[in-house]
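These notes concern the structure reproduced below.
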Amino acid sequence: MGNNIPVTLTEILNHSVKLLKEKDIRDARLNTELMLCDILKCDRVNLYLNFEKPISKNEAALFREYLRRRLTLEPLQYILGKTSFYGFEFIVNKSVLIPRPETELLVEKILSDITEKKKENVSIFEIGTGSGCISIALAKMLEHENINFDIFSIDKSKEAIDTANQNFKLNNLEGKQIKFYMKDVFEINKLTRHYDYIVSNPPYIAIDEFIELDAEVKDYEPDFALTDFGNGMKFYERIFRIASDNDFSGSVYCEIGFGQRSKTEELLEEYKFSNYTFYKDYSGTDRILEVTKK
Ligand code: GLN
C-alpha cells in the first residue's frame with residue numbers, strides 16, 4: 001500500500017476498493033469486506049461497527065497479501081480458503097472447482113425427487129466430486145430429514161479426494177455412510193452394485209470455449225474440473241453408458257453447460273433414453289438434466 005499505510009478500516013477499505021475497481025474486479029467493496037472479515041475474524045456487521053478502529057501491523061500485512069493475490073485475479077474463495085454451498089461451509093483450494101450457485105439446483109432437484117418418492121433409504125453415486133460439495137450437501141439434508149443414505153463419490157484427483165474428506169469432517173459427517181474414493185470414471189464401464197441415483201456436475205466446457213474463459217477461472221481453477229479437453233460431451237457419454245446398463249434402474253442427475261441441451265438430447269437418443277427432463281436455472285438456462293430409466 002505504498003508509503004501511506006492506511007491505519008483505520010475505512011482507509012484500508014477505500015484504498016482497496018479503488019485498486020480493485022481499477023482492475024475491473026467486480027464487487028470490489030464486498031470482496032474487501034470479506035477479506036477484512038476473514039482477517040479480523042468478525043462478521044460484516046461488526047466490521048461496520050469498527051470502521052474507525054485502527055488495525056494491527058500483522059492484520060495490515062495479512063490484508064496486503066490478500067489484496068495482492070486478489071489483484072492478480074485469484075478468486076476470493078481460494079484466498080479465503082473457503083466458500084459456502086447450500087448453506088454449508090466448504091474448504092476450497094486450487095485442486096478443486098469452486099462450487100457454483102447453479103449447482104445448488106442439482107442438489108435441490110435430487111432432494112425433491114427423494115421426498116416425492118417418500119424414500120426412506122437412498123444410495124447415491126457421485127462422479128467427479130471435487131470439494132465434495134454435492135455429496136456433502138445431500139448428506140446433510142438427508143440427515144436432517146432422517147432419511148438413511150449411503151453415498152459413494154469418486155474423483156480422479158487425489159487432492160480433490162483429500163479436500164472432500166476435509167469437508168466431510170468440517171461438516172461433522174464422521175461415522176456417516178459417505179465415502180470419497182480416488183477413481184477415474186473412464187475406468188468404469190458398469191456399476192457393481194445398486195444405486196438409486198447417479199449424480200454429476202462434470203467438466204463440460206469444450207476445449208475451444210475453455211480458452212475463452214475469464215482469467216479468474218482459467219488461470220486458477222483446475223482445468224480438468226472445467227473441461228474434458230474435447231467437445232464437452234465426453235463425461236455425459238460415459239455417464240450414459242454406465243447408466244444404460246440393464247443393472248442400473250435409478251435416475252441420473254447432471255448439470256449441463258450453457259447451450260448444451262440439444263447435443264445432450266442427441267446423446268440421450270443414442271443411448272435410448274426417452275424419459276428425461278431439463279430444468280432451467282434462475283437465469284433461464286437449461287441447467288439440470290434428469291434421466292429416469294422407466
Ligand atoms: N462436484 C463438484 C462441484 O459441483 C466438482 C465438479 C467438477 O470438478 N467438475 O462443484
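Laid out as a table, the results:
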read-out	value
Net charge over other residues, Cβ less than 14 angstrom from the Cβ of Asn167 (K, R count +1; D, E count -1)	-1
Highest-fluctuation residue, Asn31, Asn189, Asn167 considered, GNM on the chain with Cα pairs under 10 Å	Asn189
Residue-span extension gain [Ser84 to Arg64] - 0.36 nm each, minus C-alpha spacing	4.8 nm
Computed E for Asn148/Lys179 - FRET, C-beta separation, R0 22 angstrom, nearest 0.05	0.90
Sparse-neighbour loop sites [GluC sites (Glu not before Pro); region 192-294; at most 15 other C-beta within 10 Å; DSSP]	Glu212
Value of D in µm² per second that Stokes-Einstein yields for region 47-141, Kirkwood Rh from Cα pairs, at 37 °C (0.692 mPa s)	204
Residues Arg100 and Asp43, FRET efficiency given R0 of 25 Å [Cβ-Cβ distance, rounded to 0.05]	0.60
Nearest-0.05 FRET efficiency for Asp24 and Glu209, computed from C-beta distance (R0 30 Å)	0.90
Low-density loop cleavage sites - trypsin sites (Lys or Arg not before Pro) in region 24-91, where at most 11 other Cβ are within 10 Å (DSSP)	Arg26, Lys41
Relative contact order %, region 1-83, counting alpha carbon pairs below 8 Å whose residues are six or more apart	34
Residues whose placed amide H lies under 5 Å from that of Asp196, excluding near-sequence neighbours	Ser123, Ile124
log10 of Debye I(q)/I(0), alpha-carbon scatterers only, for region 1-66 at 0.17, 0.18, 0.26 Å⁻¹	-0.53, -0.60, -1.28
Global form of region 167-263, assessed from the alpha-carbon gyration tensor, a/c cut-off 1.5	oblate
Binned Cα-Cα distance frequencies in region 86-170 - 5 Å width, integer %	3, 15, 27, 25, 18, 9, 3, 0
Projected area averaged over orientations for the chain, convex hull of C-alpha atoms, nm²	16.8
Vicinal HN-Hα couplings computed from phi for region 269-278 (Karplus, 6.51 cos²θ - 1.76 cosθ + 1.60; Hz; Gly/Pro x)	5, 4, 8, 6, 9, 10, 9, 8, 9, 10
Scattering curve values for region 33-96, log₁₀ I(q)/I(0), Debye with Cα scatterers, q = 0.11, 0.20 Å⁻¹	-0.29, -0.87
Cut-off 13 Å between beta-carbons: net charge of the residues surrounding Lys158, Lys and Arg +1, Asp and Glu -1	-2
Relative contact order (%) - criterion: Cα under 8 Å, at least six apart; region: region 73-167	30
19 Å cut-off, amide nitrogen to a point 7 angstrom out along Thr115 Cα→Cβ, residues in region 130-146	134-146
Restricting region 1-98 to chymotrypsin sites (Phe, Trp or Tyr not before Pro) in coil, as DSSP defines it, with at most 16 other Cβ within 10 Å	Phe51
Protection proxy ranking of 113-119, 246-252, 130-136 - average other beta-carbon atoms within 10 Å, highest first	130-136, 246-252, 113-119
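None of the figures in this text is laboratory data; all of them are computed from the coordinates on show. Bear in mind the structure is a predicted one, so any value in this text is a computation, not a measurement. So basically every Cβ, Gly included, is an ideal-geometry build from the backbone, and we count neighbours across all protein chains shown.
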